[in-house]
1. Order 125-137, 234-246, 2-14 from most to least packed using the mean count of other Cβ atoms within 10 Å.
2. Along the principal axes of its C-alpha atoms, what lengths does the stretch 200-256 span, in descending order and rounded to whole Å?
3. Computed over the Cα atoms, what is the radius of gyration of the stretch 213-318 divided by 2.2 N^0.38 Å, N being its residue count?
4. Return the Rg/Rh ratio of the stretch 78-121 with Cα-based radii and a Kirkwood Rh.
5. Mind listing the phi-derived Karplus ³J(HN,Hα) values for the stretch 235-251, rounded to whole Hz, using 6.51, -1.76 and 1.60 with θ = phi - 60°, and x for any glycine or proline?
6. Starting from 0.36 nm per residue, how many nanometres of slack lie between Q203 and V309 once their C-alpha separation is accounted for?
7. Round to the nearest 10 and report in Å² the accessible area of F277, as given by a 1.4 Å probe over the protein chains' heavy atoms.
8. Suppose all protein chains stay in the model; what accessible area per residue would a 1.4 Å probe give for the stretch 246-322, in Å²?
Amino acid sequence: MNELLWFVLAVVAGLVVLVWSADRFVAGAAGLARALGISTMIIGLTIVAFGTSAPEMLVSAMAALQGNSGLAIGNAVGSNIANMALVLGVTALIAPLAVQSKTLSREFPLMLMVMLAAWALLWNGTLSRLDGGLLLAAMIAVVLWTIHLARTTGADDPLIEELTEEIPESMPQGRAWWLLLSGLALLLASSKLLVWGAVGIAQFYGVSDLVIGLTIVAIGTSLPELAASVVAARKQEHDIAVGNVVGSNLFNILAVLGIAGSIGPTEVETAVLYRDFPLMLALALALYLMARGFSRRGHGLIRRWAGAVLLLVFLAYQASLFLGVAGGSPA
């Protein structure tokens with residue numbers, strides 16, 4: 001039991017430092033980009049989106065390096081489910097989310113297509129180095145496309161306006177470098193600690209890395225998105241609240257799975273293909289329909305009742321995973 005306590009403490013400490021260091025990393029990267037003259041729009045759509053997914057990416061890399069790629073897959077898919085059901089569910093309960101950005105209305109279909117493409121790649125039951133390389137190449141293409149999309153949409157887009165207000169003014173380069181490098185170092189250390197604790201818990205209870213990735217690790221690494229979306233919603237910056245989730249989901253599928261496959265090719269458990277991916281796709285489709293709206297102007301609204309439904313779906317999904325473990329099913 002003492003050994004289990006150390007594993008639990010490692011997970012808790014790892015998650016706390018992971019979330020805190022991700023904020024430092026994003027602040028340093030954004031400040032440095034500002035100092036170098038990079039536009040607010042590009043900072044918001046690339047650096048900030050990358051930063052909110054940094055915990056998942058570092059955990060994925062550490063897990064793959066240690067031969068626990070199942071944890072990396074569970075983290076990527078589980079974080080997306082948590083982002084859409086938990087993060088947007090809680091956020092919509094706090095304040096109904098009006099989605100008006102043309103950029104988001106184009107990124108939602110892209111998110112769906114990326115998820116479908118990843119599902120197809122993994123359908124043979126393997127996440128190979130080729131799959132990982134294709135996903136990472138697609139990530140680069142998506143970033144470039146997103147920048148082009150934002151530029152052609154114009155600065156009057158609600159998402160761009162909200163991002164401009166949120167990105168802080170430039171800071172001294174020395175401070176920006178310190179925040180960036182110290183944040184990265186802490187991300188690496190805390191992700192390694194988190195993976196060690198999570199794998200230890202999985203082995204102690206005899207469950208798969210996948211289940212731990214879909215539950216404890218996925219929820220923990222989604223905390224930056226939850227915090228960012230709740231704060232944005234309270235400021236009436238609804239497009240940022242939703243945009244955080246869309247951007248993070250794209251990074252999770254393309255970068256997190258891409259990193260895992262490139263470092264440590266692995267078999268994909270059938271539960272991922274028949275249980276987790278379909279739920280992730282169903283949530284993405286439901287959110288797209290809500291965000292697109294059914295009015296002639298095409299503006300969507302994620303209402304409080306929808307937030308409650310999303311949260312209930314997430315709780316039911318987590319309960320089914322824990323009941324499966326209690327019933328003796330490893331995944």
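1. Packing order, densest peptide first, comes out as 234-246, 125-137, 2-14.
2. Answer, in whole Å and largest first: 45, 24, 11 Å.
3. Dividing the Cα Rg of the stretch 213-318 by 2.2 N^0.38 Å gives 1.20.
4. In the stretch 78-121, Rg relative to Rh is 1.05.
5. 8, 6, 9, 5, 5, 5, 4, 6, x, 4, 6, 4, x, 5, 4, 4, 5
6. Answer, rounded to one decimal: 34.8 nm.
7. We get 0 Å² for F277.
8. I get 46 Å² per residue for this part.
The values are calculated or read from the model by the stated rules, or taken from the named source; none is laboratory data. Here the structure is a predicted model, which means the values were calculated and not measured. Cβ atoms come from the backbone with ideal geometry, glycine included; neighbour counts cover every protein chain shown. The protein model used for the area step is the full one, side chains on, heavy atoms only, and it has no ligands, DNA or RNA in it. Shrake-Rupley method; radii C 1.70, N 1.55, O 1.52, S 1.80 Å.
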